[in-house]
Structures are given as C-alpha cells and as structure tokens.
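Structure record follows, encoded as structure tokens.
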Amino acid sequence: MRIPFLFVTRSCKAVHRLQQSSFLSPVSALSSHQRIAVLRNTSTHFCKEDRSYYITTPIFYVNASPHLGHLYSAVIADCLHRYKLLHGFNSKFATGTDEHGLKIQQAAEAAGKDTLTFCTDVSERFRHLFNSCNISYTDYIRTTEHSHCQAVKHFWAVLCNKGLIYKGSYEGWYSTQDESFLTPSQVGDAWDSSGKEIKVSLESGHKVEWMKEENYMFRLSAFRFQLLDWLRGNPGAIKPVRFYQAVLQWLQEDLPDLSVSRQRSRLQWGIPVPGDAEQTIYVWLDALVNYLTVAGYPDKHSQWWNVAHHIVGKDILKFHAIYWPAFLLGAGLPLPQTIYVHSHWTVGGKKMSKSLGNVVDPLERSQMFTTDGMRYFLLRQGVPDSDCDYTDNKVMKLLNAELADSLGGLLNRCTAPALNPAQVYPSFCRQCLPSQHGGRAVVEDYQMLDAVKNLPAVVEQHYESMHVYKALEAISACVRQTNGFVQRHAPWKLDRMDSKDQHWLDTIIHVSLECLRIYGTLLQPIVPEISNKLLCRLGVQPDERSWADVNFLPRYQGMDCPFEGRALGSDSGLLFSRLESQNIDKQKPKKTKKAEHLK
Ligand code: MSP
C-alpha cells in the first residue's frame with residue numbers, strides 16, 4: 001500500500017525534530033523501539049515515495065593521477081545513476097576531488113607547484129577521465145570551491161552550537177597517507193626501504209607518526225548507541241552485508257572522541273576553524289560535507305539530502321559508516337539511505353602503488369579496450385565482497401567472449417541480409433509459437449522465453465543491491481540461451497519458398513530481436529554506447545528505451561508489437577570488434593625502469 005505523500009512528509013518533519021531532540025536530551029530517554037523507529041523512518045521511509053535519487057562517489061584525492069580503482073568507484077555510481085534515470089527518477093550524481101589536507105600540501109610541495117595550481121591540474125585529469133568514460137555526473141565538486149568552504153564552516157558552527165566540539169588535546173598515531181587517526185591496536189611494526197624500523201597502519205600499510213597537539217575534538221563517543229540503533233533498525237543501510245557486519249563489530253567497542261582540527265602551523269592547506277585562525281578543519285570532516293554542499297546545504301538541501309546514497313571503497317568505510325553518520329546525527333540531519341561498499345582491484349595480487357610500478361592507467365586501458373569495454377569488464381568482474389585481480393588478458397578474453405562473440409554475434413546473425421533481406425523487424429506467427437506447446441518450438445525455447453521475460457526483474461534486484469556482476473551474469477546467460485535458440489532452429493536452413501517455413505523463420509528472428517531489445521535496454525547503464533548502437537540497429541527510438549518500455553514479446557501474449565514491420569536501423573557495423581592480443585601488446589605502455597627493477 002502506498003503511504004500518502006502528505007503523511008510521509010509530515011512524519012519526516014516529526015522525525016527530524018525527534019532526531020534533534022533525541023540528541024539534546026540523552027538518547028536513552030527514548031525506548032529502544034522508538035529510537036529504531038525514528039532512525040528507520042529517516043533512513044528509508046521517505047525515499048519510497050520520492051522520485052528523487054542522489055548518488056555520490058567518494059571525492060578523489062588529487063595527490064596523484066587517477067588509477068583503475070578510482071574509475072571503478074565512478075563507473076558503479078554512473079551505472080546506478082543511469083539505472084534510476086531509466087526508471088524515471090530525477091537523479092543527481094555527484095563526483096569530484098578532495099583537495100585539502102597535509103598529503104595534498106606535501107604533494108604540491110614535492111612537485112614544486114603552487115598548491116591550488118597543482119590541485120587544479122590533477123582535478124582536471126580526473127574530470128577528463130570521467131568525461132572520456134561517459135561518467136554522466138551532474139555535479140563535479142572541488143573542495144577548494146568557495147561554496148563548499150562556506151558549507152563546511154556552517155556545518156562546523158552547527159556542531160559547535162550543539163556543544164559537540166570542544167578544545168582538547170590529541171595524542172596518538174596519525175597516517176598522513178590515509179589522513180587518519182589510529183589507535184595503538186591498529187598500528188604495527190615494519191621496515192622502510194633503508195631498513196629503518198617504522199610504525200605502520202595495519203590496515204593500509206601506510207607509515208604512521210606519533211602526534212601530540214592541541215586541537216578541537218568532536219564528541220564521537222556520545223553517538224555509539226545511536227549508530228548501533230540506526231544499523232540494527234536498517235539492515236540495508238550498508239551493503240553488502242559483510243561490510244554491515246564489520247561496522248556493527250567495530251561499534252561493539254567504545255568510540256574515542258575524534259580530533260577534528262590540526263594546528264595551522266602544521267597544516268595550512270585547509271579551511272580555517274571559524275573563530276580560531278590557529279586551527280585548520282580536519283580534512284575528512286571537510287571532505288564528507290561535500291555530499292551536503294552538492295545537495296544545496298545549508299539552505300536548500302532537503303530534496304536531495306533525504307535520498308542520498310554513497311558509493312565507497314572498503315578502505316574508507318569507517319569514515320562513511322561511523323564518522324559521517326555521527327556528524328549528521330549531531331547536526332540534526334537525516335542519514336544516508338545506503339552506503340554501497342566495494343572491494344579493490346589488485347595487480348599481481350598486490351595493491352596498486354606507484355612504488356611497485358603496478359598502477360593501471362584507466363584512460364590508457366579505455367583507449368585500448370574501448371570505453372564501454374572497460375566499463376563492462378569492471379562491472380562484470382568486480383565483485384563487491386572481495387578483491388579482484390586485474391590483467392589485460394582477462395579483459396580481452398571476457399570482451400571477446402561476451403560482447404564480440406555472444407551479443408555481437410547474435411545481432412549479426414539476426415540482422416544479416418541473407419536471413420532478413422527486407423531489413424525489417426519481421427512478423428511474429430502465433431501458430432508457430434503458441435503459448436501452449438504445439439507449434440514448432442521445443443521445451444528449451446519456452447524456458448528461454450521465461451528467462452528473458454523474468455530478466456528485467458532479476459536485473460533490477462541485482463542493480464538495487466549493487467550486485468551489478470550478477471545482473472550481467474543473468475543477461476549473459478540469457479544471451480547464450482537466445483544464441484542456442486537460433487542455433488537449434490538454424491533459420492538459414494529453412495526453405496524461404498515454403499510459406500510455413502518463411503513464417504517460422506520470421507518468428508525466430510522476431511523473437512531474437514525482441515530478446516536483443518531487452519538486452520540493449522537493460523545494458524544501457526553499463527555500456528551506453530553499445531546499447532545505443534544495438535537499439536538503433538533494431539529501430540528502437542530513444543523514447544522507447546526506458547524500463548517501462550521493456551514489455552518483452554507482446555505478440556506472444558496476443559498484444560500488438562510496435563516494432564513489427566518497422567525498418568531496421570542502417571548502421572550494420574559490428575557491435576564490438578574482437579580484440580587481438582598482438583594489437584593489445586603493441587599498445588601496452590612501456591614499463592618504467594623502476595617497475596622492471598622491482599619485478
Ligand atoms: N578522498 C578520500 C575520499 C573522501 S570522500 C568524502 C579518498 N580518496 S581516494 O582517492 O584515495 O579514493 C577514492 C576511492 O577510490 C575510494 O572509494 C577508494 O576505495 C577507491 N579506490 C582506491 N584504490 C582502489 C583500488 N585499488 N580498487 C578499487 N577502488 C579503489 O579516499
């Protein structure tokens with residue numbers, strides 16, 4: 001049953017008030033049941049009735065050029081954004097760059113460049129990569145923009161006014177590479193390249209340093225139970241479940257308060273703390289607020305902020321699933337609907353890093369394998385739950401098998417002039433393929449029809465849970481079944497002079513083109529260029545490509561098919577050209593001396 005919109009809006013205002021007051025009075029003043037209801041409402045109820053959708057990528061550090069992992073985060077978000085658009089949502093998609101902090105300050109110094117010029121250069125490289133790869137963001141934010149700095153200052157002031165920030169002293173480990181504070185149990189021993197013993201973060205392997213300074217602290221410790229309630233009341237708030245459980249596990253221990261500023265003498269490249277020019281706001285607080293800035297914070301963020309979804313890599317889960325919700329609860333703002341977490345791409349089983357010389361350049365690879373090829377590979381092979389190893393060979397094999405041979409081959413066969421001299425979407429004959437068995441079809445054909453009919457619902461479910469690889473697996477299995485259908489009935493062997501054979505031939509082609517139309521429509525979020533080419537070839541117009549248009553094989557159910565008799569599109573070129581290994585090898589970047597040496 002749909003809840004009337006008015007009711008939802010009102011209840012959300014009430015929730016908002018409750019949420020604010022639930023912090024001001026101790027949260028334990030509410031029963032556990034009430035707390036869960038409050039948080040569940042803020043997190044999920046509102047969105048169901050709203051046709052707006054807001055998806056974000058993490059904003060990317062500009063200390064180095066983009067690599068394959070960065071493109072992966074962006075491609076996942078792009079896929080979900082395009083999917084929501086196909087569903088008729090008003091979708092906003094934000095990405096951008098994270099430009100403040102010590103690590104950026106140091107990288108600019110090392111490059112001998114003015115810091116902002118350095119940030120602009122690298123930010124433009126990310127933008128160029130995303131534009132080249134059809135990442136259809138609606139907003140590109142840079143944290144050095146004026147509007148963002150204003151939003152961060154406002155957010156800080158709200159937390160301050162609620163008594164959540166106090167002046168204190170932080171003493172402990174800090175990793176500049178991760179811009180993260182660590183507890184002693186998160187730190188281990190290691191040796192640097194000169195054999196000197198150093199301390200490193202056990203999670204990232206990055207060097208940590210002991211720091212002791214006076215700065216501002218956020219009362220993170222006050223939010224542990226609210227965070228637990230939020231998660232228990234919203235099991236879908238963090239996906240996949242493995243990461244949801246990890247966060248619940250972290251919350252079993254006390255949360256220390258969080259240092260949210262650095263002394264200006266050490267960190268100049270950042271937003272000054274309002275009212276205290278001696279301190280700079282912690283880069284993660286600054287960066288996380290970007291999601292609000294894009295939504296229109298502080299004046300007009302509700303439309304988008306109530307329907308926010310974040311894509312994040314597993315390495316930045318703590319910041320998004322603990323710090324960020326705590327900041328938001330403190331500021332009296334709703335929590336994100338979903339945090340989708342993905343794992344990492346490794347090369348040779350190792351994390352990509354400049355020093356190992358194993359960084360995969362995503363721009364180079366999308367030129368080698370085509371943009372859609374790269375997008376398809378990343379989403380077909382990338383599994384959110386576990387890391388995935390990258391090799392060029394895997395890309396080539398997968399794309400040749402699934403895009404060139406299977407999907408491309410099917411289109412080629414079914415539109416070949418030899419089988420379809422009139423170049424039209426042929427007619428469907430109900431006697432040849434009746435809903436009850438009895439025509440010329442066999443049991444496997446009916447199984448194939450069932451699978452394709454159910455495919456949109458299956459794919460939808462997988463897109464919604466960010467298991468894009470499962471959606472692609474399901475599509476790929478159906479493409480194979482359709483190829484099997486064509487192969488089984490070998491339409492090229494039918495006698496065109498015999499009218500019964502001709503009807504059956506037309507029916508085989510009609511059914512196959514209908515299957516291809518469904519695949520083309522469902523694949524749009526993944527491979528927009530290939531889908532467009534495919535749908536154009538089938539004569540499917542741009543306004544006939546939404547999720548509501550899928551309606552598979554209407555003639556089989558006795559309804560009209562708008563495509564029957566329509567001329568096919570004129571571009572009969574290959575959907576995806578096979579990749580040859582010698583061509584790929586020629587285009588491979590030359591290895592740097594350093595990389596050779598390390599190998
Ligand atoms: N600036 C922070 C995010 C701030 S969001 C408020 C940051 N930046 S990052 O550039 O280091 O990482 C951006 C994203 O790229 C993260 O989601 C991270 O997980 C992802 N990846 C970085 N390396 C990756 C792989 N090797 N594989 C897949 N994704 C990886 O963190």
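The values are calculated or read from the model by the stated rules, or taken from the named source; none is laboratory data. What you see is a predicted model; the values in this text were computed from it and never measured. Cβ placement follows ideal geometry from the backbone for every residue including glycine, while neighbour counts extend to all protein chains displayed. When the accessible area is computed, the model is the full protein with side chains, heavy atoms only, and any ligands, DNA or RNA have been set aside. Shrake-Rupley method; radii C 1.70, N 1.55, O 1.52, S 1.80 Å.
How big is the gap, in Å, between the Cα center of segment 184-217 and the Cα center of segment 535-580?
Here the two parts' Cα centres lie 57 Å apart.
Take the eigenvalues of the Cα gyration tensor for segment 68-173, scale each by 5, and report the square roots as semi-axes in whole Å, largest first.
30, 23, 13
Pull up all non-local amide H partners of Y61: gap of 5 or more, or a different chain, and H-to-H distance under 5 Å with H placed in the peptide plane.
Those lying under 5 Å, H to H, from Y61 are D98.
Size of the dipole of the chain about the Cα centre, Lys and Arg at +1 and Asp and Glu at -1 on the beta carbon, nothing else charged, in debye to 20?
For the chain, the charge dipole is close to 360 debye.
Can you flag which of K103/K354; K153/K300; K84/K350; K207/K354 are past 27 Å Cα-Cα?
In this structure, K84/K350 lie more than 27 Å apart at Cα.
When a/c reaches 1.5 or more, the comparison of a/b and b/c decides; with that in mind, is segment 112-214 rounded, prolate or oblate per its Cα gyration tensor?
Oblate, since a/c reaches 1.5 and b/c is not below a/b.
May I ask you to evaluate 6.51 cos²θ - 1.76 cosθ + 1.60, the Karplus curve with θ = phi - 60°, for each residue of segment 403-411 and list the ³J(HN,Hα) values in order in whole Hz, giving x for glycine and proline?
8, 6, 6, 6, 6, x, x, 4, 4
Once you have the Kirkwood Rh of segment 314-369 from its Cα pairs, apply Stokes-Einstein at 20 °C and 1.002 mPa s and quote D in µm²/s.
Estimated diffusion coefficient is 150 µm²/s.
Would you pull out the residues with amide H under 5 Å of V424's amide H, same chain only if 5 or more places away, H placed 1.01 Å from N?
L568
Sort 218-226, 328-336 for me by packing, meaning the mean count of neighbouring Cβ atoms within 10 Å per residue, highest on top.
Descending mean neighbour count gives 328-336, 218-226.
Project the alpha carbons of segment 347-490 onto their principal axes and report the range along each, largest first, in whole Å.
Sorted from largest, the Cα extents of segment 347-490 read 67, 34, 21 Å.
Can you flag which of K239/K314; K397/K453; K314/K351 are past 18 Å Cα-Cα?
As for pairs spanning more than 18 Å Cα to Cα, those are K397/K453.
Please report the base-10 log of the normalised intensity I(q)/I(0) for segment 295-401, using a Debye sum with one equal scatterer per alpha carbon and no solvent, at each q in 0.21 (1/Å).
Rounded to two decimals, the profile gives -1.07.
Show me, for segment 280-296, the HN-Hα J-couplings you get by feeding each phi into the Karplus relation (A = 6.51, B = -1.76, C = 1.60, θ = phi - 60°), rounded to Hz, glycine and proline as x.
Coupling constants for segment 280-296: 10, 5, 3, 4, 6, 5, 3, 5, 5, 5, 3, 5, 6, 4, 4, 6, x Hz.
Could you list which residues have their amide H under 5 Å from that of I198, counting only those 5 or more apart in sequence or on another chain, with H placed in the peptide plane?
Placed amide hydrogens put A190, W191, D192 under 5 Å from I198.
At a probe size of 1.4 Å, how large is the accessible area of T138, to the nearest 10 Å²?
It works out to around 70 Å².
Between Q481, N420, L534, whose Cα lies farthest towards the positive end of the dipole of segment 404-567 when Lys and Arg beta carbons carry +1 and Asp and Glu beta carbons carry -1, centred on the Cα centre?
N420
Would you mind putting 319-327, 549-557, 563-571 in packing order, based on average other-beta-carbon counts within 10 Å, highest first?
Per-residue mean Cβ counts within 10 Å order the peptides as 319-327, 549-557, 563-571.
Quick one: Karplus J couplings for segment 386-395, per residue in order, coefficients 6.51, -1.76, 1.60, θ = phi - 60°, nearest Hz, x for Gly and Pro?
Residue by residue, segment 386-395 yields 9, 5, 10, 8, 9, 9, 4, 4, 4, 4 Hz.
May I ask for the Rg/Rh ratio of segment 404-567, computed from Cα atoms with Rh as the Kirkwood radius, given to two decimals?
We get a ratio of 0.94 for segment 404-567.
So how many Å³ per residue does the convex hull of the Cα atoms of the chain work out to?
172
Using 0.36 nm per residue, how much length does the chain from Q557 to R232 gain when fully extended, once their Cα-Cα distance is taken away?
Net length gain for the segment: 112.5 nm.
Can you sort W191, W173 by 1.4 Å-probe accessible area, starting with the largest?
Heavy-atom accessible area, descending, gives W191, W173.
Out of all DSSP beta bridges in the chain, what portion is antiparallel? Express it as a percent rounded to 5.
55
How do the peptides 126-136, 102-112, 284-294, 519-529 rank, highest first, by the average count of neighbouring beta carbon atoms within 10 Å per residue?
284-294, 519-529, 126-136, 102-112
Which FRET efficiency value, to the nearest 0.05, do you get for Q487 and D543 by plugging their Cβ-Cβ distance into 1/(1 + (r/R0)^6) with R0 = 25 Å?
It comes to 0.15.
Contact order normalised by length for the chain, with contacts defined as Cα pairs under 8 Å and 6 or more residues apart; what percent is it?
Answer for the chain is 15 percent.
From the alpha carbon gyration tensor of segment 98-159, can you work out the equivalent ellipsoid semi-axes (sqrt of 5 times each eigenvalue) and give them in Å, largest to smallest?
Each semi-axis is the square root of five times an eigenvalue, giving 22, 20, 8 Å.
Apply 1/(1 + (r/R0)^6) to the Cβ-Cβ distance of D405 and K470, taking R0 = 25 Å, and write down the FRET efficiency to the nearest 0.05.
E between D405 and K470, to the nearest 0.05, is 0.70.
Against the 2.2 N^0.38 Å scaling, with N counting residues, where does segment 190-264 land? I'd like the Cα-based Rg ratio to two decimal places.
This ratio for segment 190-264 stands at 1.50.
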